[in-house]
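Accompanying notes for the structure given below.
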Amino acid sequence: MKGRLTLAVASALLVVGAAAGTVSARDFGAVYANDLEYRVFGNAANVPDGTGTDPLATFTNSANPMQKGVAEFAPGTIGHHGGRWAVYHATFTGSGDATELVTSWSELQSLIDAGDITLVRDAAADFRCPVLGNPSAIG
């Protein structure tokens, strides 16, 4: 009986250890939305080219080491679809300041309107990466 109990406890520990390893193996990162920083995690999912729904801008030539991707939507905002990203590439033009930290879609749009940034859709880069709640202040 004692051997069965030991085997059951060892099996349970293996299951718990495997589950903990899987959770910790997720690749966490961050994205800016609405002047806040949200954690995101990689999630293997089939997202056919051009089917992303939530706009996400990546920066091709930012000179600011704190620059992350900028999302138009975040959890709790109308239009958020859980991180099924429609990818755009933002590029500072000659008149733009590549050291500027862009942290919201409205700021990005203002820079585009001013001619300081160009934005190009890259449908082949669409992907899924859920955004976690409880954002933090930037900095």
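Within segment 81-107, being closer than 21 Å to F127 by Cα and outside any loop (DSSP other than H, G, I, E, B) holds for R84, W85, A86, V87, Y88, H89, A90, T91, W105.
Just one of the numbered conditions (1) surrounded by 18 or more Cβ atoms within 10 Å (Cβ to Cβ); (2) in contact with a Pro (Cβ under 9 Å, 6 or more places away or on another chain); (3) closer than 16 Å to P130 by Cα; (4) not aliphatic (A, V, I, L, M) is not true of Y88: (3). Do we find that S110 is of a type in the set (S, T, N, Q) and closer than 20 Å to H80 by Cβ in this structure? No. The residues in segment 111-135 that are over 18 Å from the mean Cα position of the chain (by Cα) and not in a strand (DSSP E or B) can be counted, and the count is 6. Considering (1) at pLDDT below 95; (2) exposed (fewer than 13 other Cβ atoms within 10 Å of the Cβ); (3) more than 13 Å from the chain's Cα centre (by Cα), say which one I138 fails and leave the rest. Single failed check for I138: (2).
Per this entry, I78 is counted among residues that are exposed (fewer than 11 other Cβ atoms within 10 Å of the Cβ) and in a loop (DSSP other than H, G, I, E, B).
Only one of the numbered conditions (1) at pLDDT below 80; (2) touching a Pro at 6+ places or on another chain (Cβ under 8 Å) is not met by A18, and that is (2). Looking only at residues that are open to solvent by 20 Å² or more (accessible area, probe 1.4 Å) and not in a loop (DSSP other than H, G, I, E, B) in segment 39-68, which one is nearest to I138 (Cα to Cα)? Applying the filter and picking the extreme gives R39. The numbered conditions (1) within 19 Å of the chain's Cα centre (by Cα); (2) open to solvent by 40 Å² or more (accessible area, probe 1.4 Å) are all true for L108 except (2). For A123, the conditions (1) under 29 Å from N43 (Cα atoms); (2) open to solvent by less than 50 Å² (accessible area, probe 1.4 Å); (3) free of Cβ contacts under 8 Å to residues at least 60 places away in the same chain all hold with the exception of (3).
Within the set L111, L132, the sole residue that is at pLDDT 95 or above and either touching a helix residue (DSSP H, G or I) at 6+ places or on another chain (Cβ under 6 Å) or among the aliphatic types (A, V, I, L, M) (or both) turns out to be L111.
The values are calculated or read from the model by the stated rules, or taken from the named source; none is laboratory data. This structure is a prediction, so every number in the text was calculated from the model and none was measured. So basically every Cβ, Gly included, is an ideal-geometry build from the backbone, and we count neighbours across all protein chains shown. In case anyone asks, the SASA skips ligands and DNA or RNA and just uses the protein heavy atoms, side chains included. Shrake-Rupley method; radii C 1.70, N 1.55, O 1.52, S 1.80 Å.
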